[in-house]
Amino acid sequence: MIDALISREAEMLAAAQAIEDGIGSGQLQLLTPQPDEVDDSGSTAVEGRLLVRRALVRERDPRLRRAKIQQVRRRGGTLMCEVCSFDFTVTYGELGADYIEVHHVTPLHVVGTSKTRLDDLACLCANCHRMCHRSRPGESWRTPDELRAIIRASAQTGPHAASASVS
């Protein structure tokens with residue numbers, strides 16, 4: 001770092017000033033790519049640098065996650081994905097015991113500030129959770145029920161549908 005500062009002092013001071021200005025204004029500016037970071041082939045990239053990010057996040061109460069898991073257990077259910085039935089304990093043994101992601105059926109950005117009930121939450125595996133949140137042009141988030149319907153439709157029309165119906 002010191003060698004870079006000494007050999008490219010003006011450039012480094014300008015970068016430091018851009019960071020300071022960005023932090024002060026709340027709008028960090030993109031720094032220009034450094035000559036040693038550019039890879040025209042696209043097969044390598046510099047990673048691992050520490051970056052500072054400021055973002056607004058919606059408040060979530062971690063007690064609700066614990067309460068949702070307790071609710072599933074009290075009802076005698078297995079802690080598994082409500083969409084695809086993936087069970088972390090079956091796949092990962094003790095490492096996966098008591099693990100599941102808890103998802104808001106209707107995203108908080110839609111409902112805004114409100115009281116969340118346990119019935120507003122769903123237990124999902126990481127893959128289903130990501131697919132509920134995945135957006136594409138013309139599409140938005142999807143509920144666990146909608147994702148379950150997509151999985152069923154895909155299973156009926158997908159490349160393995162014929163072999164699945166034979167077995």
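Where a number appears in this text, it was derived from the coordinates with a stated rule and is not lab data. Keep in mind it's a predicted model, so treat the numbers as computed, not measured. Heads up, the Cβs are rebuilt from the backbone with ideal geometry, glycines too, and the neighbour counts pull from every protein chain shown.
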Where Rh denotes the Kirkwood radius from the mean inverse Cα pair distance, what is Rg over Rh for the stretch 52-114? 1.06
Formal net charge of residues neighbouring R148 (Cβ-Cβ distance under 14 Å; K, R +1; D, E -1): -1
For an R0 of 41 angstrom, estimate the FRET efficiency from the Cβ-Cβ distance between I150 and A55 and round to the nearest 0.05. 0.90
Going by average Cβ neighbours within 10 Å, how do the peptides 110-119, 142-151, 47-56, 14-23 rank, with the highest at the top? 142-151, 14-23, 110-119, 47-56
If a/c stays under 1.5 just call it rounded; otherwise compare a/b with b/c (prolate if a/b is bigger, oblate if not). Do that for the stretch 83-167, with a ≥ b ≥ c from the square roots of the Cα gyration tensor eigenvalues. oblate
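Where does each of 81-90, 131-140 land if you order them by average Cβ count within 10 Å, highest first?
Descending mean neighbour count gives 81-90, 131-140.
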